[in-house]
There are 2 protein chains.
Amino acid sequence: MDEFSLIDDIVNSLDAVAKTSWVSVGSGDDATVISVSKGAEVVSSIDTFTPGIHFPMTAPAKKIGYRAFMAAASDLAAMAALPRYALVALSLPKLDRDFAVDLCNGMSKAAAKCDMAICGGNLTKGPLSITVSVHGEVNAGESTLRSGAAVGDLVQVSGDLGAAAACVRSASYSIEGPLQRAYFEPRARVDLRAVLAGANAAIDVSDGCLQDLGHILKASKLGAAIESASVPVAEGAELRDALWGGDDYELLATAPVELAGFAIIGVVTTKPGLRLDGQKVTSRGYDHFRA
Amino acid sequence: MDEFSLIDDIVNSLDAVAKTSWVSVGSGDDATVISVSKGAEVVSSIDTFTPGIHFPMTAPAKKIGYRAFMAAASDLAAMAALPRYALVALSLPKLDRDFAVDLCNGMSKAAAKCDMAICGGNLTKGPLSITVSVHGEVNAGESTLRSGAAVGDLVQVSGDLGAAAACVRSASYSIEGPLQRAYFEPRARVDLRAVLAGANAAIDVSDGCLQDLGHILKASKLGAAIESASVPVAEGAELRDALWGGDDYELLATAPVELAGFAIIGVVTTKPGLRLDGQKVTSRGYDHFRA
């Protein structure tokens, strides 16, 4: 087996999701060609996933792929973008057909759930690494930015938090339970696109609820007061998982009104900084380079 | 220094090329938002560069970055796309500010030459790896595909070949000479976009002239006859470098007429397979996984 026949195997395994109406030219050329809706802007993001940092070395390839794709697509959800297509760059230590095809099957399953086409990529030799670039579209000016929060906005989250972090904390990746499912099968909340039309700012909870809220507050030059009792903590998780743990991929938004399906956890304030139950707290969640 | 302050440093070093008229939302949000010309399709490609495979471990960061960006942008050139923007995913073993900023300066210099904005990215901890996703636009249906070659088309290349491969063959990366410049400072031929309007098929010479021609022939289900005496061999390189060596990033096109600035090296035939001076040859150039 050589590089090009493995690429053929991978492309064939993706066929079902690679051929949609908006893909003019799919895999197999120098680049992919995509049609964009009239008047739309393109929304693009890129994420890399490496073993030991973003997934345990021992995880099954299919689960790694699924999680990586959803985590990447989540950035489109945070922008209120309509998901469209993705390119995948795989770095593999050796030509392991089963591993590569399983990994891509996992990605392909996640892509189908997001109604996205994986229609281009790159395969190279190197330490295991998965980079996914995701692309969607929005009507011009309608993306939800981090910088849009306004004083008095309600801070709200789209679902229970902390289950994925509780899985990471327990390091019990090999069990088949709800915490493990939360970790390996997050859902990019691309279903909330219409709801986000009512939001002033949004971000996905990848590094931790308070840290991600910190990014909104920094970009919006405002503060926030959060009530811990209002934070929806996932079953099996603790409050600390919900506040500082990452990997949930729910959406965190600020809006003048309650958004359908969201839980209100606090309010945006003029006073800078982040307050939890009236106390100043650090927003620190996950920093990839911390020891 | 933490992850986020390094990201700030990198983004600041890119400022000049990150703010162009078509970037609606640049770095610093969940995703980048880009405006697309009316009636245009989006052209996207992704490439990964790892040490030991795509560049020597000891190369200066700035050179690595420059070369990586140009090699990625070259795929847009091959599609006759107008280059627009790029996302960069960096995997770094440690938080080395100087290395990261130099690398990004190299990319940024290359991006400026291609009139592209680097306007989003990702930074993670892991073995050194650089993934660049590049994006451009074409008028609907006007991209030059690999599959468009026609019998009788003239096979032609946009410049001298083999200098980069001669550098690789000599492994003399640390000298400052023309072969090293060819290797570290390739130019993505985005300047040939208008000329390619006259081509039926195109590809960039990344894996080797004959191998890349093989991709066109496979996609077009045709053969070709090449005359070695017509192949423009770069000074300091040998014919074998020009035919089987990669990394040149010139364009290889087939067209019914001679394209301005191109040298004709052969003709597309109904007879399948590749002939060099009348002899059947293998198209084999670079396969990343070969020992």
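No value in this document is a laboratory result; all are computed from the given coordinates. The structure presented is a predicted model; accordingly, all values stated were derived computationally and were not measured. Glycine also receives a Cβ, built like all others from the backbone with ideal geometry; neighbour counts cover every protein chain displayed.
Checking every one of the trypsin sites (Lys or Arg not before Pro) in the range A:29-77 against DSSP loop status and a limit of 11 other Cβ atoms within 10 Å picks out A:K38.
Placing unit charges on C-beta atoms (Lys and Arg positive, Asp and Glu negative, everything else neutral), compute the dipole magnitude of chain B about its Cα centre in debye, rounded to 20. Intermediate results must be reported in sequence, preceding the final value.
Working: 25 positive and 34 negative charges, 126 e Å.
Taking the Cα centre of chain B as origin, the dipole is about 600 debye.
Projected onto planes of every orientation and averaged, the convex hull of the alpha-carbon atoms in the range A:123-167 covers 7.0 nm². Once whole DSSP H runs in chain B are found, which of them have Cα atoms spread over 18 Å or more along the helix axis and a mean Kyte-Doolittle score of at least 0.5? Passing helices, by number: B:3-18.
At an R0 of 25 angstrom, the distance between the Cβ atoms of A:A229 and A:A150 translates into a FRET efficiency of 0.55. Look at the stretch A:79-91: the mean tally of other chain Cβ atoms within 10 Å of its residues' Cβ atoms is 4.
Order A:183-191, B:39-47 from most to least packed using the mean count of other Cβ atoms within 10 Å.
Values: A:183-191: 21.3, B:39-47: 24.0.
Listed from highest to lowest mean packing, they are B:39-47, A:183-191.
Partner chain Cβ atoms within 10 Å, averaged over the residues of B:34-42 - can you pull that number for me?
So the per-residue partner count for this stretch is 6.
Taking every C-alpha pair closer than 8 Å and separated by at least 6 residues, the mean separation divided by the residue count of the range A:146-280 gives a relative contact order of 45 percent. Computed from phi, the 3J(HN,Hα) profile of the range B:235-252 under the Karplus parametrisation 6.51, -1.76, 1.60 (θ = phi - 60°) reads 4, x, 10, 10, 4, 4, 5, 5, 7, 10, x, x, 6, 7, 6, 6, 9, 10 Hz, with x in place of Gly and Pro.
Relative contact order, whole percent, for chain B stands at 22, derived from Cα pairs under 8 Å and 6 or more residues apart. Compute the relative contact order of the range A:3-139 as a whole-number percentage, counting only Cα pairs closer than 8 Å that sit 6 or more residues apart in sequence. That works out to 39 percent. Mean-square fluctuation check for chain B, GNM, Cα pairs under 10 Å: which of B:E250, B:E176, B:E235 is largest? Result for chain B, Cα springs under 10 Å: B:E176 fluctuates most. Projecting the Cα positions of A:P178, A:L259, A:A149 onto the charge dipole of the range A:146-280 (unit charges on Cβ atoms of Lys, Arg, Asp and Glu, taken about the Cα centre) puts A:A149 furthest along the positive direction.
The range A:169-187 and the range B:16-70 have Cα centres lying 34 Å from one another.
In the protein assembly as shown, a dipole from Cβ-located charges (positive for Lys and Arg, negative for Asp and Glu) runs towards its positive end, and of A:T282, B:I53, B:V132 it is B:I53 whose Cα lies farthest in that direction. Here the spin labels are modelled as points 7 Å beyond Cα on the Cα-Cβ line, and at A:D115 and A:K38 they lie 2.0 nm apart.
With the convex hull drawn around the C-alpha atoms of the protein assembly as shown, the volume per residue stands at 135 Å³.
For A:T58 and A:S174 in one chain, what is 0.36 nm times their gap in residues minus the Cα-Cα distance, to one decimal in nm?
Difference between extended and current length: 40.9 nm.
Between A:A194 and A:A140, the distance separating the two model label sites (each 7 Å from Cα on the Cα→Cβ line) works out to 2.5 nm. Dipole size of the protein assembly as shown about its Cα centre, with +1 on Lys/Arg Cβ and -1 on Asp/Glu Cβ: approximately 140 debye, rounded to the nearest 20. With a cut-off of 15 Å on the backbone N, the residues of the range B:117-141 near the modelled label site 7 Å out from B:S21 along Cα-Cβ are B:117. With Cα atoms defining each centre, the range B:216-284 and the range B:142-163 are spaced 8 Å apart in the structure.
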